[in-house]
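Chemist: Sharing a structure, written as structure tokens. Questions coming.
The values are calculated or read from the model by the stated rules, or taken from the named source; none is laboratory data. In this text the structure is predicted, and so the values were computed from the model without any measurement. Glycine also receives a Cβ, built like all others from the backbone with ideal geometry; neighbour counts cover every protein chain displayed. Remember, those area values only see protein heavy atoms, side chains included, never the ligands or the DNA or RNA. Shrake-Rupley method; radii C 1.70, N 1.55, O 1.52, S 1.80 Å.
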Amino acid sequence: MADTQPILKIRDLDISFKTDGGNVKAVRGVDLDLHKGETIAIVGESGSGKSVTTKAVMGILAGNGTINNGTIEYTYADMSPERIAEVQEKYDGVIPEGYLKPEEIKTVDIVQSAPKFIQSQIRGRRIAMVFQDPMTSLDPTMTIGKQVMEAMRFHYNTPKQEAWKKAVRLLELVGITDAEKRMKNYPHQLSGGMRQRVVIAIALSCDPEVLICDEPTTALDVTIQAKILELIKEIQKKKDLSVIYITHDLGVVAKVADYVNVMYAGRIIETGTVNEIFYDPRHPYTWGLLASMPDVDSSDDELYTIPGTPPNMLHEPVGDAFAPRNRFALQIDEKVAPPMFELTPTHKVASWLAAPNAPKVEMPEDLKKRINRKFTVKAVDGIDFHIDEGETYGLVGESGSGKSTTGRSIIRLYDPTDGEITFCGRDISGKMSKDDERFLHTNMQMIFQDPMACLNPREKVMDIIAEGLDIHKLYKTEDERRQKVYDMLELVGLSKEHANRYPHQFSGGQRQRIGIARALVMDPQLIIADEAISALDVSIQAQVVNLMKKIQKEYNTAFLFIAHDLSMVKYISDRIGVMHMGHLVETGTTEEIFRNPIHPYTRSLLSAIPEPNPVVEKERISLSYDQKEAGVDYTKGTRHLVDGDHYVLATDEEFEKWTREAAGQPALA
């Protein structure tokens, strides 16, 4: 994982529980690292040891639970009350890099720590937990306000009035309206989603560094679940939290996790980045978990299930615990538990199938189909284009043509299924190292269509623009951070006084300028503008496009300009790609495309461009294009050179026919 010191480091953790039938081995030799600002997920069937592992971190194992072996090292800041107050006031509770003095950095082994120390210094104060069922973790006899204030009063002896104000702010932070009124409510007076938000507010009340979420959305409707996950993600960014998710829902994992740890029978049997686990799983148990996910597009009558049942941990299994359920088990699996084999620096698997001398075993085709159908993007098929330094490439087409999918795949919001994406000489289409991810996120930025939807309404413009700087630590002092934001505001035609305002205080055009400033502050080499002007008035469109051209001239920034408005694309673009049904049907310089369109779809688009001339518009006849009626099969076409840099996707017969039509000549008999 990361090269930096983990904030939480678990080594060789072994936990058992005394029962009437004997000792149950719940956790067996678990190793786990969690770094600052990172999200890891622990997944597996019930009884695999997920929750027990994190309860040991919190020091809340049941009375019959015993840690037999291992360490849980937690590294934290131990500051004076005055220093804590300074961090709260100046840095909104987030300790900036380089702020801590060496003597303020403490590492403790939670396993060896006294219960009183864990209660007063760790649990709730520095490591907090969000439990599965909010109704069981909220006291039905206490008001919401008292419960949010409780930990602040206990750990910091916060004055009641100050604690009340902070509790109100926390409820507002987690999206509860009428927070003052809700402070006086009891849990039963709130909906399930609101109760879960309250539990999150309680967990955040002491500004913890680590947040453990134990099945935080299992009992919620899917719409509420999405909101809760997005909420945790937003708070994590703002507070620089490290998060551990415990869940069996791989859909949740795919959305939130950086790294995934798969547990079975008390052991971690596979660990890797979220892409490695989802797209290149190596353990047969992981294959089964992924294949068991329900699929809304599936017509299968039954869901896939892993054969057999987990072992009874009253009797610790000899060899590999998964062997009785594994149709690919080797003879050695019956006798010796496999060690962790390293596949990549981030991807490890405990399976004898990964041993250097093991027989080659691929994932079965039936499982591969079940897994791949869930993660394959079919919106774009075999497109091929390049963008040069300082160039604007316009990507045009109707809604659903695949333009946005292409842009989001380039910036890796979506994972491409096939092909290669090279950015500044680096292949970013497959698995990326931490260094490649950082390079991508600092050198490529995106401007979205709706500026209001992508600006956090609760943050001031200063913090919105500086978000990327904060994430990647691209400044040394607060003064440098502030000056960078002021410079960007001036560049996009706003003033430094705007830095202290909120998004709702601006017009649509001004909000889009803020979005551009947020992208530019990272000094990117490529900006993807996804319908960045379509929601704006025409006068504002012109301002924004002029601004983009000015920035390009001064900074030599390359743009991928995604739009459906060809007139604006013509004005801003050097070259153009025309997309239809996921295929790039025609490409060329702006002059070539507008002067000599060849593909009938391109000609239909150009014929529909309105002109500010009533006489012309009244007489206009737009060309129509229907792929099926025209009998065009994009999969049969190849790239045909028209001239210069101008290409069209066509069969030989189509190319001959379309070029004659474009030239106004009759088709050959």
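Chemist: Please figure out what share of the DSSP beta bridges in the chain is antiparallel and state it in percent, rounded to the nearest 5.
Modeler: On the way: 48 of 85 bridges.
Percentage antiparallel, nearest 5: 55.
Chemist: Run the numbers for residue 523 and residue 77: contour at 0.36 nm per residue of separation, minus the present Cα-Cα distance, in nm. Write out the running numbers ahead of the final one.
Modeler: Values: separation 446, 0.36 × 446 = 160.56 nm, distance 3.25 nm.
That works out to 157.3 nm of additional length.
Chemist: Taking Cα atoms of the chain, Rg/Rh with Kirkwood Rh, to two decimals? Each step should come with its number before you reach the end.
Modeler: Numbers: Rg = 28.6 Å, Rh = 28.3 Å.
Rounded to two decimals, Rg over Rh is 1.01.
Chemist: Let me ask something else. What does the charge dipole of segment 1-151 about its Cα centre add up to, to the nearest 20 debye, if the Cβ of each Lys and Arg holds +1 and the Cβ of each Asp and Glu holds -1? All intermediate terms of the calculation are to be shown ahead of the outcome.
Modeler: On the way: 17 positive and 21 negative charges, 84 e Å.
Approximately 400 debye in magnitude.
Chemist: I would also like to ask the following. To the nearest 10 degrees, how steeply does helix 192-204 sit against the main Cα axis of the chain, on a 0 to 90 scale?
Modeler: 70
Chemist: Any idea which of 66, 80, 163 is furthest toward the positive side of the dipole for segment 59-193, if Lys and Arg beta-carbons carry +1 and Asp and Glu beta-carbons -1?
Modeler: Farthest towards the positive end: 163.
Chemist: Could you pull the Rg and Dmax for segment 10-154, using just the Cα atoms, both in Å?
Modeler: 17.6, 56
Chemist: Let me ask another. From the phi of every residue in segment 513-525, what ³J(HN,Hα) in whole Hz does the Karplus formula 6.51 cos²θ - 1.76 cosθ + 1.60 yield, where θ is phi - 60° and glycine or proline is x?
Modeler: Values, residue by residue: 5, 5, x, 5, 4, 4, 6, 6, 5, 7, 6, x, 8 Hz.
Chemist: Farthest toward the dipole's positive end in the chain, which of 306, 367, 137, given Cβ charges of +1 (Lys, Arg) and -1 (Asp, Glu) about the Cα centre?
Modeler: After comparing all options, I get 137.
Chemist: Another question, then. Using a Förster distance of 22 angstrom, determine the FRET efficiency expected from the C-beta separation of residue 472 and residue 101, and round it to 0.05.
Modeler: On the way: r = 24 Å, r/R0 = 1.09.
Efficiency computed from Cβ-Cβ geometry: 0.35.
Chemist: Report, to two decimal places, the Cα Rg of segment 100-212 normalised by 2.2 N^0.38 Å (N = number of residues). Before the final figure, lay out each step's value.
Modeler: On the way: Rg = 15.0 Å, N = 113, 2.2 N^0.38 = 13.3 Å.
So segment 100-212 has a normalised radius of gyration of 1.13.
Chemist: How tilted is helix 365-375 with respect to the longest principal axis of the chain? Cα atoms for both, answer in degrees (0 to 90, nearest 10).
Modeler: Helix 365-375 and the main axis of the chain meet at about 70 degrees.
Chemist: Where does each of 345-357, 306-318 land if you order them by average Cβ count within 10 Å, highest first?
Modeler: Values: 345-357: 17.9, 306-318: 14.5.
Result, highest mean first: 345-357, 306-318.
Chemist: Right, something else. Heavy atoms only, probe 1.4 Å: what % of the accessible area of the chain goes to carbon and sulfur, would you let me know? List each step's numbers first, then the result.
Modeler: Working: 15980 of 32720 Å².
Accessible surface attributable to carbon and sulfur in the chain totals 49 percent.
Chemist: What FRET efficiency do you get for residue 312 and residue 5 if R0 is 30 Å and r is their Cβ-Cβ distance, rounded to the nearest 0.05? Spell out each step's value before the answer.
Modeler: Details: r = 39 Å, r/R0 = 1.29.
Calculated value: 0.15.
Chemist: Roughly how large, in nm² to one decimal, is the mean projection of the convex hull of the alpha-carbon atoms in segment 566-611? Intermediate results must be reported in sequence, preceding the final value.
Modeler: Values: hull surface 12.4 nm².
Averaged projected hull area, Cα only: 3.1 nm².
Chemist: In degrees from 0 to 90, rounded to the nearest 10, what is the angle of the helix 538-555 Cα long axis to the longest principal axis of the chain?
Modeler: On a 0 to 90 degree scale, this one is about 80.
Chemist: Mind listing the phi-derived Karplus ³J(HN,Hα) values for segment 119-127, rounded to whole Hz, using 6.51, -1.76 and 1.60 with θ = phi - 60°, and x for any glycine or proline?
Modeler: 5, 8, 10, 10, 5, x, 8, 10, 10
Chemist: Which whole-number value in Å² is the accessible area per residue of the chain, probe 1.4 Å?
Modeler: Working: 32720 Å² over 669 residues.
Using a 1.4 Å probe on heavy atoms only, each residue of the chain averages 49 Å².
Chemist: A further question follows. Report the equivalent ellipsoid semi-axes for segment 461-594 in whole Å, largest first, defined as the square roots of five times the eigenvalues of the gyration tensor built from alpha carbon atoms. Mind showing how you got there, number by number?
Modeler: Numbers: eigenvalues 181, 54, 32 Å².
Semi-axis lengths for segment 461-594 are 30, 16, 13 Å.
Chemist: Dipole of segment 129-230, Cα-centred, from +1 at each Lys and Arg C-beta and -1 at each Asp and Glu C-beta, to the nearest 20 debye?
Modeler: On the way: 12 positive and 13 negative charges, 102 e Å.
So the magnitude is around 480 debye.
Chemist: A further question on this structure: Add -39500 (n - 2.57) for each DSSP H run of 4 or more in the chain, then divide by its residues: what number comes out at 222 nm, to the nearest 500 deg cm²/dmol? Before the final figure, lay out the partial values.
Modeler: Values: 25 runs with 234 residues, N = 669.
Result for the chain, helices only: -10000 deg cm²/dmol.
Chemist: Can I ask one more? Would you mind working out the magnitude of the charge dipole of segment 1-76 relative to its Cα centre, with +1 at each Lys and Arg C-beta and -1 at each Asp and Glu C-beta, to the nearest 20 Debye? Could you put the intermediate results ahead of the total?
Modeler: On the way: 8 positive and 9 negative charges, 41 e Å.
Roughly 200 debye, rounded to the nearest 20.
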